[in-house]
């Protein structure tokens, strides 16, 4: 009876951004479907696209989804600032009476087995005034659906659910959140994981994604010399991978079944310098990531 009462009182909204996601083959539909069971509605800021991104989302015919059009300021390249600007536009459009806000990026998914865990955590911390947000673990897939990155280049945790506090804003390149004056949010860590598929797609589409991404960070000269030099992305040269032990979200099944490229790698072979190799060994033995950057303050 208590849980039912809490569910009746709690309102959850989702939000994200989208622009030119079709041409780079982002799994946005899967990302949305993975979190929609948590949400009463989902706001998407759709940027000026040339590839039918808006039509792609509309074709889902999901009644919970609300779209609105935006124009990206492509001059804001430094640090990916335009990503935070666009995310904040979406954040500003969520229902004012929502209690929690679920944020998902276009290449992320929440496994369905975590839905009860997340719902329970939102209920548990709904009236805990000290908790600003919920913190998730991360799995970063690379090259194919059976390998995950396990080196220091991959962040291990990030905020994906926040209280509906108008002082909370998207931070820097939209990876996480802080207060409007730059203070870190106080978070409760929950036993749930976000599956990140940003580095798993056909090399042709991965190269297109890299071109899109780097345009948000670098000038045209950098793009010509460093990025626009190949038609396909080279997955080689990664420092460290390990086999994935587990299952993928059900919404990803058709994508995984349709995988049409090869990426073969021996995860026992590492590509570290001396310092990076030592730090990786310390983390593997102790679980401690020396000097790890954390964009939050864990209090629960």
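The values are calculated or read from the model by the stated rules, or taken from the named source; none is laboratory data. None of these values were measured; they are calculated from a predicted model. Note that each Cβ is placed from the backbone with ideal geometry, even for glycine, and that neighbours are counted across all protein chains shown.
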*asked:* If I filter the stretch 47-59 for residues that are surrounded by fewer than 22 Cβ atoms within 10 Å (Cβ to Cβ), more than 20 Å from residue 255 (Cα to Cα), under 19 Å from the mean Cα position of the chain (by Cα) and touching a residue at least 40 places away in the same chain (Cβ under 8 Å), do I get at least one hit?
replied: no
_Residue under evaluation residue 249, criteria (1) more than 17 Å from residue 139 (Cβ to Cβ); (2) in contact with a helix residue (DSSP H, G or I) (Cβ under 6 Å, 6 or more places away or on another chain), criterion not met_ = (1)
_Residue satisfying condition, being touching a helix residue (DSSP H, G or I) at 6+ places or on another chain (Cβ under 7 Å) and under 21 Å from residue 188 (Cβ atoms), within set 168, 104, 159_ = 104
_Out of everything in the stretch 217-240 that is within 25 Å of residue 152 (Cβ to Cβ) and either out of contact with any helix residue (DSSP H, G or I) (no Cβ under 8 Å at 6 or more places or on another chain) or at pLDDT 70 or above (or both), what residue ends up being surrounded by the most Cβ atoms within 10 Å (Cβ to Cβ)?_
240
*Hits in the stretch 10-34 (condition: out of contact with any helix residue (DSSP H, G or I) (no Cβ under 9 Å at 6 or more places or on another chain) and crowded, with 22+ Cβ neighbours inside 10 Å)*: 13
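Is it true that residue 86 is more than 11 Å from residue 45 (Cα to Cα) and in contact (Cβ under 8 Å) with a residue 24 or more places away in the chain?
Values: more than 11 Å from residue 45 (Cα to Cα): no; in contact (Cβ under 8 Å) with a residue 24 or more places away in the chain: yes.
For residue 86, the condition - more than 11 Å from residue 45 (Cα to Cα) and in contact (Cβ under 8 Å) with a residue 24 or more places away in the chain - is not met.
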_Hits in the stretch 263-278 (condition: under 27 Å from residue 206 (Cβ atoms) and either free of Cβ contacts under 8 Å to residues at least 60 places away in the same chain or assigned to a helix (DSSP H, G or I) (or both))_ = 264, 266, 268, 269, 270, 271, 273, 276, 277
*Identify all residues within the stretch 121-134 that are touching a residue at least 60 places away in the same chain (Cβ under 8 Å), assigned to a loop (DSSP other than H, G, I, E, B) and out of contact with any helix residue (DSSP H, G or I) (no Cβ under 8 Å at 6 or more places or on another chain); write none if there are none.*
128, 130
*Long-range neighbours under 6 Å by Cβ, at least six apart or interchain, first residue without any contact (Cβ under 8 Å) to a residue 12 or more places away in the chain within the stretch 91-118, second assigned to a loop (DSSP other than H, G, I, E, B)*: none
*asked:* Give me the residue from the stretch 195-216 that is touching a helix residue (DSSP H, G or I) at 6+ places or on another chain (Cβ under 9 Å) and modelled with pLDDT of 90 or more and, out of that set, surrounded by the fewest Cβ atoms within 10 Å (Cβ to Cβ).
replied: 198
